[in-house]
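Asker: Take this structure, written in structure tokens, and hold onto it; I'll ask about it next.
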Amino acid sequence: MADERTDNARMVADQMAAEPLDVLVIGGGIVGSGVARDAAMRGLRTGLIEQYDFAWGTSSRSSRLLHGGLRYLAQGRVRLVREASVEKRIIHHIAPHVAEPLAFIFPSYRRSGWPLWQLRIGVKIYDLLCGGQNFGRSTALSRRALRDTLPGLTEERLSGAVRYFDGLTNDARLVIDTLRSAANHGALLENYCRFEGARRTHDGWVCDVHDTLADRPLTVETRCVVNAAGPWADRFEQSGVGLRLTKGVHLVIDRERLPVPDAVVMVDANRILFAIPWGERVILGTTDTDFDGHIEDVRCEDDDVHYILEIVNRSFPQAALVPGDVVGAWAGLRPLIAAAREGGARLPVTGETGTGVLPADKRGRPSDISRRHIIRQGEPGWWDVAGGKLTTYRLMGEQTVDRLLTYLHRKADPCRTAVEPLLPPVQVQGISGMLPPEVTRKVVEHYCRNEWAVHLADVMVRRTSWHHYRHDRSAVAEQVAGWMADLLGWDDERRAREMDSYKAL
Ligand SMILES: Cc1cc2nc3c(=O)[nH]c(=O)nc-3n(C[C@H](O)[C@H](O)[C@H](O)COP(=O)(O)OP(=O)(O)OC[C@H]3O[C@@H](n4cnc5c(N)ncnc54)[C@H](O)[C@@H]3O)c2cc1C
């Protein structure tokens with residue numbers, strides 16, 4: 001296949017191979033992007049490779065929440081909640097265009113396992129864990145107030161509600177904008193470039209990389225490697241993490257079908273689901289089920305759709321949602337930490353005995369597994385960075401780069417990722433935000449020239465979310481494919497191929 005990159009991107013791949021790096025990051029999801037931005041800002045010669053498009057993995061398939069996690073508080077995971085609560089404020093500060101305050105209404109029902117008195121105390125603690133600086137003050141709502149705010153909410157056994165604040169983001173845009181910031185600070189970034197293996201040398205690593213667009217092998221020398229491959233992170237020979245993958249599905253419906261003014265929390269036994277307002281749409285989710293299929297092929301199945309709609313219909317019986325109401329959907333995998341290996345031997349962490357992984361039925365419920373992250377050096381100069389949440393990505397980057405600097409005996413300025421904005425406002429206006437931009441040739445040109453978009457789906461799904469948001473997505477895709485053909489020199493056959501693979505989504 002001919003090299004499909006712009007000249008600029010081709011040069012970056014060559015540069016990465018030409019001179020040894022301080023750090024090569026594997027994985028262009030939110031975690032890898034955060035590490036690359038911080039490393040570049042602190043003066044390390046940084047490269048990042050992503051096997052598909054940036055944000056192709058879990059980081060474009062989340063619930064899009066910047067949250068401490070009220071559920072994790074109920075599980076007693078105070079440190080995790082505190083960390084994430086501080087980070088949600090920081091992301092709002094550095095990237096306000098993709099981080100908006102969002103109010104949540106959590107109705108409480110008798111015998112639901114979430115008594116109102118506990119929720120009232122919980123949200124107060126939640127506010128305090130933000131250093132008293134949450135996006136707004138939590139309040140209690142009476143049944144009557146709820147009737148006005150959420151008409152149609154089932155009232156059987158309803159005792160009242162709390163209203164509290166978290167944030168909403170645009171996950172894929174947060175990745176792309178973090179990468180744009182990393183590139184502005186000198187990081188070398190390549191999508192469609194796969195890490196294939198590495199050998200240790202006396203002072204670093206020689207990595208085999210395959211540039212899939214040019215179909216050419218590259219050799220990249222680096223002092224350190226950071227494995228930020230998300231659900232794939234336990235697949236490399238040097239990797240010391242064990243993962244438990246759980247699948248989560250989201251559905252998108254029209255807001256007219258469920259006109260909620262704030263996000264709403266819905267309970268199913270020990271799990272909670274959300275209805276999240278998103279412009280003229282509402283995002284519903286999520287599921288949490290063990291996954292042992294093919295990572296590249298994670299899908300939203302009929303059972304997932306029925307489960308989510310049933311929970312929503314239980315809370316809002318008059319909505320009577322049916323599968324035909326679903327405008328869009330996505331499914332992703334949580335890379336949860338199940339075990340860590342030390343010197344080749346697996347260490348039990350969660351749901352494991354000392355001698356081996358427990359069978360699925362004895363591993364505990366997926367929703368009970370901690371969302372903590374780990375950063376560990378298995379072999380000299382090789383770090384695994386895994387687990388965590390979108391919300392804590394900046395902190396994971398900071399902690400990783402601190403360790404890289406110590407390992408490299410490098411003095412650097414203190415980390416500035418919590419204070420320096422990702423991008424100046426002029427670089428995001430009309431291009432990046434909470435809602436999809438207008439469909440214009442100008443924005444598509446920008447994504448191709450400045451944001452590494454090479455395929456139709458890169459633009460339709462990850463740069464814009466048009467795929468999830470627009471009813472007329474097929475017509476938009478035709479239009480965009482026409483512009484991309486013009487901009488990137490596609491012939492008719494290539495354009496048809498792009499349409500076919502987009503439709504296969
Ligand atoms: C359903 C669901 C809902 C969630 N909701 C939230 C939420 O609301 N808020 C929140 O804070 N968190 C949420 N999370 C968690 C959050 O999305 C993840 O923790 C985070 O996105 C993981 O990022 P990552 O960079 O580790 O993984 P990924 O985004 O998967 O990135 C890893 C990347 O590595 C690449 N890669 C793999 N192998 C190679 C290779 N050999 N060479 C090159 N590249 C490679 C992959 O292609 C992939 O793009 C949710 C997760 C799920 C699944």
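Asker: Determine, yes or no, whether M11 is of a type in the set (A, V, I, L, M, F, W, C) and more than 16 Å from the ligand (Cβ to nearest atom).
Answerer: Considered against the rule, which asks whether it is of a type in the set (A, V, I, L, M, F, W, C) and more than 16 Å from the ligand (Cβ to nearest atom), M11 comes out as yes.
Asker: Follow-up. Within region 247-269, take every residue that is more than 16 Å from the ligand (Cβ to nearest atom) and in a strand (DSSP E or B) and give me the one that is nearest to P323 (Cα to Cα).
Answerer: If we take residues in region 247-269 being more than 16 Å from the ligand (Cβ to nearest atom) and in a strand (DSSP E or B), then I253 is nearest to P323 (Cα to Cα).
Asker: State which residue is farthest from the ligand (Cβ to nearest atom) when the search covers only region 197-241 and only residues that are within 14 Å of L48 (Cα to Cα), of a type in the set (D, E) and surrounded by fewer than 21 Cβ atoms within 10 Å (Cβ to Cβ).
Answerer: By that ranking, first place goes to E221.
Asker: Failed condition for R346, given (1) away from the ligand (no atom under 11 Å from the Cβ); (2) part of a strand (DSSP E or B); (3) at pLDDT 95 or above, with all others met?
Answerer: Only one criterion in (1) away from the ligand (no atom under 11 Å from the Cβ); (2) part of a strand (DSSP E or B); (3) at pLDDT 95 or above is unmet by R346, namely (3).
Asker: Here is a follow-up. Sort out for me the strands (runs of 3 or more DSSP E) sitting completely within region 168-246 that have 2 or more residues that are more than 24 Å from P335 (Cβ to Cβ).
Answerer: Counting at least 2 such residues, we get 193-201, 204-211, 216-227.
Asker: Please enumerate the residues belonging to region 402-418 that are within 28 Å of the chain's Cα centre (by Cα) and of a type in the set (K, R).
Answerer: If the condition is that a residue be within 28 Å of the chain's Cα centre (by Cα) and of a type in the set (K, R), then R403, R416 are the ones that fit.
Asker: Restricting to region 66-97, what's the tally of residues that are within 12 Å of the ligand (Cβ to nearest atom) and not in a helix (DSSP H, G or I)?
Answerer: Residues meeting the conditions: 4.
Asker: Six or more apart or on different chains, Cβ atoms under 6 Å: show the pairs whose first residue is in region 22-34 and within 12 Å of P231 (Cα to Cα) and whose second is of a type in the set (S, T, N, Q) and near the ligand (Cβ under 7 Å from one of its atoms).
Answerer: Qualifying pairs under 6 Å: G29/S59.
Asker: Also, I was wondering about something else. Which is under 25 Å from V249 (Cβ atoms), of a type outside the set (D, E) and within 26 Å of the chain's Cα centre (by Cα), of A504, A453?
Answerer: A504
Asker: Let me ask something additional. Scan region 148-162 and tell me whether some residue there is outside the structural domain of Y393 (by TED's automatic domain parsing) and assigned to a helix (DSSP H, G or I).
Answerer: Within region 148-162, one or more residues are outside the structural domain of Y393 (by TED's automatic domain parsing) and assigned to a helix (DSSP H, G or I).
Asker: Another one. Of all residues in region 269-288, count the ones that are hydroxyl-bearing (S, T, Y) and farther than 14 Å from S62 by Cα.
Answerer: Within region 269-288, residues that are hydroxyl-bearing (S, T, Y) and farther than 14 Å from S62 by Cα number 0.
Asker: Could I ask something else about it? Among what's in region 37-65 and is farther than 28 Å from I283 by Cβ and in a strand (DSSP E or B), pick the residue that is farthest from the ligand (Cβ to nearest atom).
Answerer: For region 37-65, the residue satisfying everything is T46.
The values are calculated or read from the model by the stated rules, or taken from the named source; none is laboratory data. These figures come from a predicted structure and were not determined experimentally. A quick note on method: Cβ atoms are made from the backbone with ideal geometry, for glycine too, and the neighbour counts reach across all protein chains shown.
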